[in-house]
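What follows is a short report on a single structure.
The numbers here are math on the coordinates, done by the rules we state, and not lab data. Since the model is a prediction, treat every value here as computed from it, not as a measurement. Note: ideal-geometry Cβ built from the backbone for every residue, glycine included; neighbour counts use all protein chains shown.
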Amino acid sequence: MTNYILRDENAIYYECGYSNDNALYLHLGSEAWLITDSRYTVEAKEQVRGAAVVETADLLKAARQLLRSRGVKRLVFDPKEWSVQAIGMLERKLPHLHLSPHPDFSHLKRMIKSEEEIALLKRAAELGREGFETFAAYLNLPGSQRSEKRLHFEMKAAMSHYGEYDLSFDPIVAINANAAKPHALPTDVVIREGDLLLVDAGLKYRRYCSDRTRTAFVKEGFDFGDEQKFSSPTIQKAYDLVRKAHDTAIRKARSGMTGAQIDRLAREVIEKGGMGKYFVHSTGHGVGLDIHEMPYISARGKTIVEDGMVFTIEPGLYFPGKFGIRIEDMVVMRNGRAEIL
């Protein structure tokens, strides 16, 4: 049985059902410990499953004592979670311990979701869709001088269901030319009828994330549905191409494909439409306890996609100084095919 040590909050939560911002998880053979400080031990003892809770003011020292007492010779860790300083402290104090780096150790364990996890992700996606509907209703109210900054604030409120849920990430709310930046920051630009509006947002339901993007034509009574009619033929052509790429990738994705092959399904549609150079990011990414997990649906994605994996399909086109378009949904692989959550 692998001996390993974890520092990442979500990696720890996955193992024992609890984590905080100052904890370590140590797993040695059939034993496991959640190591944390006195601020968290009462809560930890109530929630941790399958591990003993160790209270200490020095997490690394407590971990070293457990490692020394068990005579551990080899310990797996994810170098993406740890600082050079922290690993150095373990190595110097335990010279006979071999620290074995395994990048993405927890993400690899978490790639295939359980039915319970899929249900949580589905609920997160449903609540996220409701957040978009609430935001659309707000935008359809009479008003003036609503800047991207104000809309960004209102989207955070709508997506969180007014404080009931945490957000998966800071939402993107971008109008016209600002939407040409895939990770646009809100500006003082004011929304007006006839504008293009791109919104990318998600929430957490019992710690599991949602992620959704829609691009819409702003007019009276508009919504964030897939059917959008823009006044500009140029924008409409680009939108229809992105939608086709999105739908094609979901329809043709199969278990057994690599992430790169699924990425290719969307990218080929864009390239055949003559706009390949404007699709500047990958087609998708895994979603779970982290907003970005494995598998990665990209040109370099070597992971074989299997049933139970959850990821996004989100092709986009970005025309600097003009406009940008992205359509994104979360899918789960079931019975060999992609099912929208």
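Report the gain in length on full extension from LYS109 to ARG70: 0.36 nm times residue separation, minus Cα-Cα distance, nm rounded to one decimal.
Fully extending the segment from LYS109 to ARG70 adds 11.6 nm.
Using R₀ = 41 Å, calculate the FRET efficiency as 1/(1 + (r/R₀)^6) where r is the Cβ-Cβ separation of LYS93 and ASP166; round to 0.05.
Details: r = 37 Å, r/R0 = 0.89.
Approximately 0.65, to the nearest 0.05.
For the ranges 163-173, 149-159, 69-79, what's the packing order if you count other beta-carbon atoms within 10 Å of each residue, average per peptide, and put the highest first?
Ranked from most to least packed, the peptides come out as 149-159, 163-173, 69-79.
Report relative contact order for the range 4-110 in percent, whole number only (criteria: Cα-Cα under 8 Å, sequence separation at least 6). Could you put the intermediate results ahead of the total?
Details: 157 pairs, mean separation 24.9, N = 107.
Rounded, it is 23 percent for the range 4-110.
Could you work out the relative contact order of the chain? I mean the mean sequence separation of Cα pairs under 8 Å and 6+ apart, divided by the number of residues, in percent. Intermediate values should be presented prior to the final figure.
On the way: 721 pairs, mean separation 47.5, N = 341.
The value is 14 percent.
At 222 nm, what value in deg cm²/dmol follows for the chain if DSSP H runs of at least 4 each add -39500 (n - 2.57) and the sum is divided by all its residues, to the nearest 500? Let's see the in-between values first.
Values: 9 runs with 114 residues, N = 341.
For the chain, the value works out to -10500 deg cm²/dmol.
What net charge is computed for the residues neighbouring GLN228, neighbours being all others with C-beta under 12 Å from the C-beta of GLN228, Lys and Arg scored +1, Asp and Glu -1?
0
Of the cross-linked pairs LYS181/LYS204; LYS244/LYS272; LYS252/LYS272; LYS244/LYS277; LYS73/LYS93; LYS156/LYS229, which ones have a Cα-Cα span greater than 20 Å in the structure shown?
Values: LYS181/LYS204 25 Å; LYS244/LYS272 11 Å; LYS252/LYS272 17 Å; LYS244/LYS277 17 Å; LYS73/LYS93 13 Å; LYS156/LYS229 26 Å.
Over 20 Å Cα-Cα: LYS181/LYS204; LYS156/LYS229.
For the pair VAL190 and SER232, how long in nm is the line joining their label points, each one 7 Å along Cα→Cβ?
Taking the simple label geometry, VAL190 and SER232 are separated by 2.1 nm.
Label points 7 Å out from Cα along the Cβ direction at THR56 and GLU130: separation in nm?
4.3 nm
Expressed as a rounded percentage, what relative contact order does the range 276-315 have, with Cα pairs under 8 Å and six or more residues apart? Could the numbers behind the result be given before it?
On the way: 56 pairs, mean separation 18.4, N = 40.
That works out to 46 percent.
Positive end of the charge dipole of the chain (Lys, Arg +1 and Asp, Glu -1 on Cβ, about the Cα centre): tell me which of ALA184, LEU59, THR303 has its Cα farthest that way.
So the residue we want is THR303.
With +1 on each Lys and Arg Cβ and -1 on each Asp and Glu Cβ, and nothing else charged, work out how big the dipole of the chain is about its Cα centre, in Debye to the nearest 20. If you can, show how the numbers build up before the last one.
Working: 48 positive and 47 negative charges, 208 e Å.
Charge dipole of the chain: 1000 debye, to the nearest 20.
Apply 1/(1 + (r/R0)^6) to the Cβ-Cβ distance of LEU141 and HIS281, taking R0 = 25 Å, and write down the FRET efficiency to the nearest 0.05. Could the numbers behind the result be given before it?
On the way: r = 33 Å, r/R0 = 1.32.
With a Förster radius of 25 Å, E is 0.15.
Check GLN228: other-chain or 5+ apart residues with amide H under 5 Å from its amide H, H built from backbone geometry?
The list, which skips near neighbours in sequence, is empty: none.
Along the charge dipole of the chain, pointing to its positive end and built from +1/-1 on Cβ of Lys, Arg, Asp and Glu, which listed residue (GLY286, LEU341, HIS96) has its Cα farthest out?
The residue sitting farthest along the positive end of the dipole is HIS96.
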